Amino acid sequence: MTPEELDQIAETERAAQGQFTQRVNVCVAAGCLSCQSQSVKDSLDQEVTRRGTKDHCQVKGVGCMGLCSEGPLVSTSAGILYKKVEAADGPAILDSLESQPVSRLICPTDVPFFQRQKKIVLENSGNIDPDRIEDYISVNGYTALIKALTEMSPREVIDEVTKSGLRGRGGAGYPTGLKWSTVSKSVGTQKYVICNADEGDPGAFMDRSVLESDPHRVLEGMLIAGYAVGATEAYIYVRAEYPLAIKRLRNAIRQAERVGLLGSNICGTRFSFRIDLRLGAGAFVCGEETALIASVEGKRGTPRPRPPYPAMEGLFGQPTLINNVETFANIAPIIRNGGEWYAGIGTEKSKGTKVFALAGRVENTGLVEVPMGISLREMVFEIGGGIPEGRKFKAVQTGGPSGGCLPSECLDMPVDYESLARAGSIMGSGGMIVMDESSCMVDVAKFFMDFCMTESCGKCIPCRVGTYQMHRILTAIGNMTATQQDLKMLEELCDLLKHTSLCGLGQSAPNPVVSTLRSFADEYRAHIEEHRCPAGVCNAEPVGETA
Amino acid sequence: MHSYVAKPTPPNQDKRWKLVDATIRRQGQQARGLIETLHTVQEAFGYLDEQALRYVAMSLRVPLSRAYGVATFYHFFTLKPAGEHTCVICMGTACYIKGAPQLLDAVQRDLGIRPGETTSDKKVSLLTARCLGSCGLAPAVVYDQEVAGKVGTAAIREHLKKWTHA
């Protein structure tokens, strides 16, 4: 593959696409697929064939369009977005391409949900066919890789990433450029790149969506990373629970190998790169990098103390670069447009955009990409469309089991790494769950503690025993049998786990408790002193063993 | 380098062992391929039994204890065969606050089993998931690989009735 050949593929593809005067895009990402979007696509396909308009009307399966709660979503070349489309609507949609839109299915796109977004990571999502590399190449795909390989030295690539101010999108926010630089300086006979696609936070589906909608974008980011740090082998560690993402990644890797964008001597340079998949097997702790490495090595996913950091001693004892899916998906545009362009977006310390999975008690649930620094209020009430059924906002939970619940006082806070940390939560991987007055904060804290208790790997005692004890106390509070003594013990345990656990799972496990204790202390008090649950969730008589 | 050890022969004539052998070969008969191989076994046979674990451990030259350790560490692996149908209730945060506990409660009461168990007639297995990533459709339930969104207690009871009375 030479730069000219890549241009050739792009030209051919654009010409082929240009022949179609009409286009209907059907979302075939997991959210819409589970609302039967495949049958919508099939029915459109059949109808186009029946009408004999196959040569000028294209029906294309594309990635996520964002508004998952209104799926299946269909967009047309006339610029109209349709929601809740059924297979029987196929003919009406095709008719609409030449006349008026089908008014009963229209999904308005002039609303904040669409207008307030800024798409960098998701720019191709919903526009290209994730199963065809040609489609990706036609929208400037792999040009960043070619640029890096032919015009830039590895040092220059790293400088560009450093200049962009990109920080790890997995949650901790470690500067990406710095990480790359460390790995590139480490000495080893073989270096590895790992893409962390073990998206374990309940309530987060950003990575899945990126992998399902635009897998080549992630591969391109990994290739550039490999070139920059001097790695030749890479793994994508993806959850086995995401079968569609796995299928599309496998397909994408095969296609990239076929056209010579993966393999030996890419673009006629000395750079060779191989990417392999490793399936996770349902262990939340494997999102932690040392546990992830153990799992890729075929072992139980238990973390080990750091240092040495994986950048020095990682997979098979060699220097290893581990980044999250979304981090890699940001790389190609940074190389294409320059680090300064990226640094111009967002806030002073948190650059660029962030993809959030908005869910819970909010009108518009789905995937949104917004510039860093947007306020929580804008997220919940403008983009999210507010709380349904006229209920009252109570809290927004970010960062999954490692994050916290932010009360209404925090609504005007900007969403960036520092502000969220100051408020007692974390950016996390991007799950954002909105809760209304029907949620009991003690119950929510118990839910997350149950999660951490189940997912604790058992290697270190503070986490293994501490999460159990904390869950026991929270259960007692929920059952109205706890005392002030218990509450004091709970607070002590929060401190203990935070400071003595081995890895991030245990260290951050108390966060949901700490943040709810801070902002919703009166709810805890009501349970303990007045034996009542203000939200009416907890019952003095435990009903079965739910959580 | 390790010395050459003859690869063990599969426990029986079942053709599915060929798939397992292919994975073992692709992983170069190395210990690092343990999880990948167990995935293949589970995909082919539905679960991991003792004979499968013994075979995989011998083929990859790892102690049986390590194969067993890995198989029990990860939630995705199961050592027991599943029922004819499986019902997975998502217990992710979005599903949780939108009523997944009530769904689980109803199913537990109807079927008399807890998550991870199978009804005594081997018809239905009940499982919970950490998060399916279908948060836009909360609460979500997977009936035999098919995801259903915005499920209510009545709907899940209805669906299970079809299975148990079939």
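The values are calculated or read from the model by the stated rules, or taken from the named source; none is laboratory data. Fair warning: this is a prediction, and the values are worked out from it, not measured in the lab. For neighbour counting, all protein chains shown are included, and Cβ atoms are generated from backbone atoms with ideal geometry for every residue, glycine included.
Only one of these is assigned to a loop (DSSP other than H, G, I, E, B) and either buried (at least 24 other Cβ atoms within 10 Å of the Cβ) or not assigned by TED's automatic domain parsing to the domain that holds residue A:192 (or both): A:203, A:221. Name it. Before you say what the answer is, go through the steps one by one.
Values: A:221 fails: assigned to a loop (DSSP other than H, G, I, E, B).
Exactly one of A:203, A:221 is assigned to a loop (DSSP other than H, G, I, E, B) and either buried (at least 24 other Cβ atoms within 10 Å of the Cβ) or not assigned by TED's automatic domain parsing to the domain that holds residue A:192 (or both), namely A:203.
Would you mention how many residues in the stretch A:170-209 are more than 20 Å from residue A:404 (Cα to Cα) and among the aliphatic types (A, V, I, L, M)?
Selection size over the stretch A:170-209: 6.
Working only within the stretch A:7-26, note down all residues that are among the charged types (D, E, K, R) and surrounded by 13 or more Cβ atoms within 10 Å (Cβ to Cβ).
A:7, A:13, A:14, A:23
Looking only at the stretch B:113-128, count how many residues are within 12 Å of chain A (Cβ to nearest Cβ) and out of contact with any helix residue (DSSP H, G or I) (no Cβ under 9 Å at 6 or more places or on another chain).
2
Kindly indicate which of A:61, A:66 is closer than 30 Å to residue A:203 by Cα, part of a strand (DSSP E or B) and touching a strand residue (DSSP E or B) at 6+ places or on another chain (Cβ under 9 Å).
A:61
Assess whether residue B:55 counts as being crowded, with 16+ Cβ neighbours inside 10 Å, among the hydroxyl-bearing types (Ser, Thr, Tyr), over 25 Å from residue A:198 (Cα atoms) and within 21 Å of the chain's Cα centre (by Cα).
For residue B:55, the condition - crowded, with 16+ Cβ neighbours inside 10 Å, among the hydroxyl-bearing types (Ser, Thr, Tyr), over 25 Å from residue A:198 (Cα atoms) and within 21 Å of the chain's Cα centre (by Cα) - is met.
Okay, residues lined up against (1) crowded, with 22+ Cβ neighbours inside 10 Å; (2) of a type in the set (A, V, I, L, M, F, W, C); (3) modelled with pLDDT of 95 or more:
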residue	(1), (2), (3)
A:487	no, yes, yes
A:491	no, no, yes
A:504	no, no, no
A:515	yes, no, yes
A:521	no, yes, yes
A:525	no, no, yes
A:540	no, yes, no
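Give me a count of the residues in the stretch A:159-175 that are over 16 Å from the mean Cα position of the chain (by Cα) and assigned to a loop (DSSP other than H, G, I, E, B). Steps first, please.
Within the stretch A:159-175, the first condition is being over 16 Å from the mean Cα position of the chain (by Cα), and the residues that meet it are A:159-165, A:174-175.
Those still in the list that are assigned to a loop (DSSP other than H, G, I, E, B) too: A:165, A:174.
Of the residues in that region, 2 qualify.
Given the structure, is residue A:32 touching a residue at least 12 places away in the same chain (Cβ under 8 Å), within 14 Å of chain B (Cβ to nearest Cβ) and part of a helix (DSSP H, G or I)?
So residue A:32 fits the description; yes.
Give the residues of the stretch A:275-328 that are basic (Lys, Arg), within 12 Å of another protein chain (Cβ to nearest Cβ) and in a loop (DSSP other than H, G, I, E, B), sorted by residue number. Can you show your working first?
First pass over the stretch A:275-328, keeping only residues basic (Lys, Arg): A:278, A:299-300, A:304, A:306.
Then drop every residue that is not within 12 Å of another protein chain (Cβ to nearest Cβ), which leaves A:278, A:299-300.
The answer is A:299, A:300.
Could you tell me which of the residues A:301, A:338 is under 21 Å from residue A:429 (Cα atoms), out of contact with any Asp or Glu (no Cβ under 6 Å at 6 or more places or on another chain) and in the same structural domain as residue A:170 (by TED's automatic domain parsing)?
From the options A:301, A:338, the qualifying one is A:301.
Filter the stretch A:248-264 for residues that are in contact with a Leu (Cβ under 8 Å, 6 or more places away or on another chain) and surrounded by fewer than 16 Cβ atoms within 10 Å (Cβ to Cβ) and give the result.
Within the stretch A:248-264, A:250 is the sole residue that qualifies.
Considering only the stretch A:445-476, how many residues are out of contact with any helix residue (DSSP H, G or I) (no Cβ under 7 Å at 6 or more places or on another chain) and within 12 Å of another protein chain (Cβ to nearest Cβ)?
Qualifying residue count for the region: 2.
So which helices (runs of 4 or more DSSP H) are wholly in the stretch B:1-111 and hold at least 1 residues that are over 30 Å from residue A:430 (Cα atoms) and more than 10 Å from every other protein chain (Cβ to nearest Cβ)?
Filter on the stretch B:1-111 gives B:16-26, B:34-45, B:50-60, B:64-73, B:100-111.
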